[in-house]
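*Asks:* The structure's right below; bear with me while I get my questions together.
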Amino acid sequence: MATTTDRRVRRTREALHRALIELMIERGYERVTVSDIIDRADVGRSTFYAHYRDKDDLLISSCTEFLRREIARTRTARDAPWAPVRVMIGLAAAYPDVYQALIGPKSSAVVLRSYQQTVADILHEHLDRRLDMPADELAGSITFLSWGLIGLLGSVIDQTDPTLPATAWRRFESLCTAGLARHVPRVAIARTSADNSVPRPQTAHGAPPSRD
């Protein structure tokens with residue numbers, strides 16, 4: 001019974017996720033309402049509010065889940081410390097409409113702060129055992145890195161002059177990793193330098209649809 005319920009919950013959340021992303025691409029996040037989302041997903045209003053507080057909560061939850069899936073999909077046993085950063089840059093480049101709602105000029109303070117916290121949490125999870133530094137110094141460094149990464153992702157989705165993913169990664173590496181190099185094991189630094197590619201996101205069930 002529990003398995004059936006879990007599957008039903010997962011299908012509902014995936015339907016709401018797809019509906020939101022499709023509507024965002026069609027008309028922009030600001031013009032999408034909860035009513036639009038539940039109509040597109042064919043889900044009742046009470047069901048929506050059983051899962052999410054509002055459309056901002058759905059946006060953050062959906063994008064966080066998708067980001068974590070992509071990080072897990074590309075993870076290897078020999079992962080470099082900054083592997084999640086390359087995934088984030090690749091996603092921003094692949095889905096600029098989505099990231100405009102998350103971190104663009106018109107994003108709300110609540111959404112922006114929530115996504116920054118998501119980025120900080122993921123960085124902390126990935127770096128906690130990889131950086132040799134005191135907990136308070138690590139926390140401060142991750143706060144700095146997360147806000148810096150938000151700014152870098154903003155340049156990737158810039159509508160006038162977007163930064164190429166490979167260029168964004170090189171900028172992150174040169175500006176951020178140099179200061180932390182003494183805290184990273186030498187073998188990890190070598191792995192990072194050997195793989196500067198930005199992974200291409202996988203379009204899968206529940207993932208944002210192609211913009212083509």
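*Asks:* Let me spell it out: the conditions are (1) outside any helix (DSSP H, G or I); (2) of a type outside the set (V, I, T); (3) exposed (fewer than 13 other Cβ atoms within 10 Å of the Cβ), and D158 meets all of them except one. Which number is the exception?
*Replies:* Here D158 clears every test but (3).
*Asks:* Would you check which residues across the range 128-153 are free of Cβ contacts under 8 Å to residues at least 24 places away in the same chain and either hydroxyl-bearing (S, T, Y) or part of a helix (DSSP H, G or I) (or both) and list them?
*Replies:* Matches in the range 128-153: A135, D136, E137, L138, A139, G140, I142, T143, F144, G151.
*Asks:* Being open to solvent by less than 30 Å² (accessible area, probe 1.4 Å), β-branched (V, I, T), under 12 Å from A101 (Cα atoms) and not in a loop (DSSP other than H, G, I, E, B) is the filter here; which residues of the range 22-61 pass it?
*Replies:* Once the filter is applied, which keeps residues that are open to solvent by less than 30 Å² (accessible area, probe 1.4 Å), β-branched (V, I, T), under 12 Å from A101 (Cα atoms) and not in a loop (DSSP other than H, G, I, E, B), the range 22-61 yields only I60.
*Asks:* Six or more apart or on different chains, Cβ atoms under 7 Å: show the pairs whose first residue is in the range 38-56 and under 21 Å from V110 (Cβ atoms) and whose second is modelled with pLDDT under 95 and among the basic types (K, R).
*Replies:* H51/R13
*Asks:* Continuing with this model, one more query. Report the residue count in the range 64-113 for those that are of a type outside the set (D, E, K, R) and more than 11 Å from the chain's Cα centre (by Cα).
*Replies:* Going through the range 64-113 one residue at a time, the tally reaches 21.
*Asks:* Now for a different question. So, F66, is that one touching a residue at least 40 places away in the same chain (Cβ under 8 Å) and in a helix (DSSP H, G or I) or not?
*Replies:* Yes: the conditions hold for F66.
*Asks:* Which one of the conditions (1) surrounded by fewer than 19 Cβ atoms within 10 Å (Cβ to Cβ); (2) in contact with a Ser or Thr (Cβ under 7 Å, 6 or more places away or on another chain); (3) of a type in the set (A, V, I, L, M, F, W, C) does A72 fail to meet, given that it meets all the rest?
*Replies:* Unmet for A72, out of (1) surrounded by fewer than 19 Cβ atoms within 10 Å (Cβ to Cβ); (2) in contact with a Ser or Thr (Cβ under 7 Å, 6 or more places away or on another chain); (3) of a type in the set (A, V, I, L, M, F, W, C): (2).
*Asks:* While we're here: Return a yes/no flag: does the range 3-11 have any residue that is open to solvent by less than 60 Å² (accessible area, probe 1.4 Å) and under 24 Å from A94 (Cα atoms).
*Replies:* No: zero hits.
*Asks:* Among the candidates D132, D158, D136, D128, which residue alone is among the acidic types (D, E) and under 26 Å from L23 (Cα atoms)?
*Replies:* The match here is D158.
The values are calculated or read from the model by the stated rules, or taken from the named source; none is laboratory data. Since this is a predicted model, take the numbers as computed values, not measurements. Positions of Cβ are backbone-derived with ideal geometry, glycine not excepted, and every protein chain shown enters the neighbour counts. Accessible surface areas use protein heavy atoms only, side chains included; no ligands, DNA or RNA. Shrake-Rupley method; radii C 1.70, N 1.55, O 1.52, S 1.80 Å.
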